[in-house]
Amino acid sequence: MTEKSAVRVRFAPSPTGQLHVGNARTALFNWLFARKMGGTMILRIEDTDIERSEARYEDQLVADLKWLGIDWDEGPDVGGPYPPYRQSDRLDIYREYAERLLSERKAYLCFCTEEELQKDRERAQAEHRQPIYSGKCRTINPEEAQRRRSNGEPCAIRLRIPERPIRFHDIVHGEVEFSSEVVSDPIILRSSGMPVYNYVVVIDDALMKITHVIRGDDHLSNTPKQVAVYEALNWPVPEFAHLSTILGGDRERLSKRHGATSIANFREMGVLPEALANYLALLGWAPSGGTREIFTPEELVKEFSLERVTPSPAVFDMEKLYWLNRHYIKQQPVDSIAAAARSYFKQAKLLPESPDPATENWFDKVLALLISSVDRLDQLPERASLIFNYEAMAALAAPDNSETLNWRHTDAVLSRFTFKVLEDDLATERKLTSDQFKKIVNEVKAETGAKGKELFHPIRIVITGSHSGPEFDKLIPILEEGSRLDLPKHVLSVRERVEQFGKARCE
């Protein structure tokens with residue numbers, strides 16, 4: 001067994017809502033990098049937002065990550081050498097290091113109330129200045145500050161930012177610099193005793209030996225504060241890689257108003273995990289050479305490099321995702337997606353909750369007939385309407401069918417076809433076979449002189465309600481077999497459809 005490299009990355013979501021595509025891409029890039037480098041992937045739960053964090057969201061994000069094909073080597077569910085992996089279990093650690101910074105004079109106690117700080121912010125905005133902390137508590141004598149704290153006066157702990165620019169290297173953005181005035185002196189521990197994100201993330205990353213911090217570029221402005229914490233504690237600063245923003249089609253930051261944005265949404269829609277992972281990998285990253293767009297997870301791992309991540313915003317194109325999903329759906333054996341597909345038919349009350357073997361076998365044929373025509377699995381019940389929802393009056397009234405119904409051969413084709421299907425000797429047959437159907441169509445062709453679309457389009461309207469659709473040799477057995485099954489919604493046989501259409505034409 002090969003020894004792991006020193007590369008250690010982490011995905012650290014907050015369980016305050018569903019996992020959305022931006023965070024999922026971050027998780028995927030961390031995973032790809034770890035697997036490419038033979039390193040360690042860590043899942044850490046950042047749940048210090050007590051009011052908003054919920055166990056159900058943690059369960060959901062773990063399920064979504066696993067569904068997407070992302071696994072991890074250390075985490076709250078698998079353990080590891082640097083536990084615990086939930087921030088809510090690490091509060092004593094954060095307080096210990098905050099006290100250390102305080103004792104070393106690298107941090108100081110701040111007694112400013114929220115009201116005072118808000119007034120300072122409003123004053124700065126009115127004077128067109130950046131609303132940063134004034135530093136008024138910096139000059140309080142440390143012994144005096146400790147005395148006030150011991151007497152019960154509420155206070156926070158602020159990091160003392162050095163009066164020099166803070167610089168760091170970003171693999172995506174290059175050399176980055178922030179002035180100390182912009183960073184100000186950030187709070188690391190609130191007066192309530194709860195630590196602040198920009199502080200705890202450094203403690204966790206350092207103690208867990210994280211070598212590369214790969215995350216969204218909305219964290220770029222947080223990084224100088226975090227670098228200052230690393231430097232204050234004399235810890236090595238990791239490599240950073242801030243991933244570009246994901247935009248909607250209108251070039252605005254992707255949000256719920258653009259439609260589905262959570263992994264749960266895409267799962268519910270019937271997007272396959274292979275397709276979604278493939279698409280997310282292409283958001284802000286490009287493989288070397290060529291314009292190839294379809295990759296297996298193994299191929300993505302082999303190709304991936306942080307140096308090919310672009311700082312330019314990535315546009316989330318739903319149609320491109322659906323194109324990829326259609327490709328993956330077509331590649332899947334029917335039996336591998338049958339269970340997922342059945343759930344949509346059960347929700348639509350087209351299949352019983354517990355189908356018998358005959359029904360399951362029939363459904364597999366339905367799935368094989370329709371699967372190549374959908375972008376998402378949730379479209380299947382609608383595509384199956386030609387099987388379950390036949391209405392002759394609607395077929396006659398459909399604008400798309402009007403041209404076909406007015407062709408010169410159509411009346412003759414419909415009359416001869418109807419007569420032959422409803423002949424007494426055929427009506428007594430148990431079911432219409434594909435061979436019988438072909439024989440009837442050939443006889444209608446010979447008797448009417450119609451051929452090609454002039455022959456088949458009118459017949460298709462009679463049977464499916466539309467002039468276009470799947471091949472008859474696959475459809476006819478499905479209709480005949482389905483009409484004899486005990487389904488929540490009866491499937492009309494070919495003969496029943498022809499009878500209904502004939503009556504509708506006479507009305």
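Results for (1) polar (S, T, N, Q); (2) within 20 Å of R342 (Cα to Cα), shown as yes or no for each residue.
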{"site": "V441", "(1), (2)": "no, no"}
{"site": "K445", "(1), (2)": "no, no"}
{"site": "T448", "(1), (2)": "yes, no"}
{"site": "H457", "(1), (2)": "no, no"}
{"site": "R460", "(1), (2)": "no, no"}
{"site": "S466", "(1), (2)": "yes, no"}
{"site": "D473", "(1), (2)": "no, no"}
{"site": "I476", "(1), (2)": "no, no"}
{"site": "D486", "(1), (2)": "no, yes"}
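Of the residues that make up region 354-376, is at least one in contact (Cβ under 8 Å) with a residue 60 or more places away in the chain, touching a Ser or Thr at 6+ places or on another chain (Cβ under 9 Å) and under 20 Å from E480 (Cα atoms)? Scanning region 354-376, I find no residue that is in contact (Cβ under 8 Å) with a residue 60 or more places away in the chain, touching a Ser or Thr at 6+ places or on another chain (Cβ under 9 Å) and under 20 Å from E480 (Cα atoms), so the answer is no.
Checking the conditions here, which among S262, S255, S191, S221 is among the hydroxyl-bearing types (S, T, Y), farther than 18 Å from Y82 by Cβ and in contact with a His (Cβ under 7 Å, 6 or more places away or on another chain)?
From the options S262, S255, S191, S221, the qualifying one is S262.
With respect to being assigned to a helix (DSSP H, G or I) and closer than 17 Å to L479 by Cα, A358 fits the description. Taking the criterion of being more than 24 Å from S244 (Cα to Cα) and free of Cβ contacts under 8 Å to residues at least 40 places away in the same chain, the only residue of region 199-229 that qualifies is A206.
Here F29 passes the criteria (1) touching a helix residue (DSSP H, G or I) at 6+ places or on another chain (Cβ under 9 Å); (2) surrounded by fewer than 21 Cβ atoms within 10 Å (Cβ to Cβ); (3) part of a helix (DSSP H, G or I) except the one numbered (2).
Here L91 does not fit the description of being in contact with a Leu (Cβ under 7 Å, 6 or more places away or on another chain) and either surrounded by fewer than 19 Cβ atoms within 10 Å (Cβ to Cβ) or in the same structural domain as R44 (by TED's automatic domain parsing) (or both).
Of all residues in region 33-43, exactly one satisfies the criterion of being buried (at least 24 other Cβ atoms within 10 Å of the Cβ) and touching a Ser or Thr at 6+ places or on another chain (Cβ under 9 Å), namely A34. The number of residues in region 392-425 that are within 30 Å of F345 (Cα to Cα) and surrounded by fewer than 16 Cβ atoms within 10 Å (Cβ to Cβ) comes to 5. Of the conditions (1) out of contact with any Asp or Glu (no Cβ under 9 Å at 6 or more places or on another chain); (2) outside any helix (DSSP H, G or I); (3) surrounded by 20 or more Cβ atoms within 10 Å (Cβ to Cβ), H467 satisfies every one except a single condition; which number is it? Every condition holds for H467 apart from (1). Return a yes/no flag: does region 221-242 have any residue that is closer than 15 Å to H20 by Cβ and not basic (K, R). Within region 221-242, not a single residue is closer than 15 Å to H20 by Cβ and not basic (K, R). Within the option set S103, S184, being among the hydroxyl-bearing types (S, T, Y) and modelled with pLDDT of 95 or more holds for one residue only, S103.
Look through region 274-303, keep the residues that are assigned to a helix (DSSP H, G or I) and in contact with a Ser or Thr (Cβ under 9 Å, 6 or more places away or on another chain), and return whichever of them is nearest to K320 (Cα to Cα).
Residues of region 274-303 assigned to a helix (DSSP H, G or I): 274-281, 297-303.
Going one step further and asking which of them are in contact with a Ser or Thr (Cβ under 9 Å, 6 or more places away or on another chain), we end up with 274, 278, 303.
Working: E274: 14, N278: 11, E303: 21 Å.
The residue in question is N278.
Considering only residues in region 113-137 that are surrounded by 13 or more Cβ atoms within 10 Å (Cβ to Cβ) and touching a residue at least 40 places away in the same chain (Cβ under 8 Å), the one that is farthest from L220 (Cα to Cα) turns out to be G135. Here T428 clears all of (1) of a type in the set (V, I, T); (2) at pLDDT 90 or above; (3) over 28 Å from L370 (Cα atoms) except the condition numbered (2). Scanning region 317-355 for residues that are part of a loop (DSSP other than H, G, I, E, B) and exposed (fewer than 14 other Cβ atoms within 10 Å of the Cβ) returns P333, K349, E353, S354.
Would you mind finding the one in I161, I157 that is in a strand (DSSP E or B), more than 37 Å from the chain's Cα centre (by Cα) and in contact (Cβ under 8 Å) with a residue 12 or more places away in the chain? I157 is the lone residue from the list that is in a strand (DSSP E or B), more than 37 Å from the chain's Cα centre (by Cα) and in contact (Cβ under 8 Å) with a residue 12 or more places away in the chain. Taking region 44-87 as the range and being assigned to a helix (DSSP H, G or I) and surrounded by 14 or more Cβ atoms within 10 Å (Cβ to Cβ) as the test, the residues that pass are Y57, E58, Q60, L61, V62, A63, D64, L65, W67, L68, Q87. So in region 98-112, with the set limited to residues that are surrounded by 11 or more Cβ atoms within 10 Å (Cβ to Cβ) and among the basic types (K, R), which one is farthest from R160 (Cα to Cα)? Checked region 98-112; the qualifying residue farthest from R160 (Cα to Cα) is R100.
Can you tell me how many residues in region 403-425 are of a type in the set (D, E) and at pLDDT 90 or above?
Selection size over region 403-425: 2.
The values are calculated or read from the model by the stated rules, or taken from the named source; none is laboratory data. Just so we're clear, the structure is a prediction, and the values are computed from it rather than from any experiment. We place every Cβ from the backbone using ideal geometry, glycine too, and count neighbours over all the protein chains shown.
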